[in-house]
Amino acid sequence: MSSRPFLACFLVAYGLVTGCAGAPSSARVSYRPTNAAYVLGSQPGGEVEVLLDDRPARPFIVTGELSTRTGSNPVSIEAMRKRAADDGLDGIYWIECASPCGGRCTARGFVYEGRAEPLDVR
């Protein structure tokens with residue numbers, strides 16, 4: 001059983017309980033690749049892990065940093081998740097938000113080792 005639906009419900013409920021404002025669905029997310037050789041095409045079905053307080057359980061490679069600012073942290077995290085899916089990442093972790101409701105958040109993007117071979121850039 002996937003925890004993604006629970007996580008999505010939790011984030012929406014958290015935003016409502018804390019009074020965080022919503023944001024436009026077209027949130028702008030910047031992605032600065034630090035290891036672009038591992039970045040793949042978009043993830044089928046947008047399957048991206050969102051690890052709020054954990055590191056990935058399997059060996060992984062950090063590919064870059066995502067950041068955004070919206071009206072609420074849950075909206076920012078969801079926007080970063082969507083951007084990670086578009087860029088072919090397996091997940092985001094090390095999520096940090098500047099304040100409980102500020103919506104200014106960053107995360108590290110990753111791919112699991114063995115999922116992709118490094119590109120030969122000779």
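The values are calculated or read from the model by the stated rules, or taken from the named source; none is laboratory data. As the structure is a computational prediction, the values presented were derived from the model and not from experiment. Neighbour counts are summed over all protein chains in view; Cβ atoms, including those assigned to glycine, are modelled from backbone coordinates with ideal geometry.
For this structure, a couple of remarks:
- Residue, modelled with the highest pLDDT, within the range 62-86, restricted to residues that are hydrophobic (A, V, I, L, M, F, W, C) and outside any helix (DSSP H, G or I): Leu66
- Residue that is farthest from Gly114 (Cα to Cα), among those in the range 50-84 that are out of contact with any Pro (no Cβ under 9 Å at 6 or more places or on another chain) and of a type in the set (Gly, Ala, Ser): Ser72
- Taking the numbered list (1) modelled with pLDDT of 85 or more; (2) surrounded by 11 or more Cβ atoms within 10 Å (Cβ to Cβ) in turn, Pro59 passes all entries but (2).
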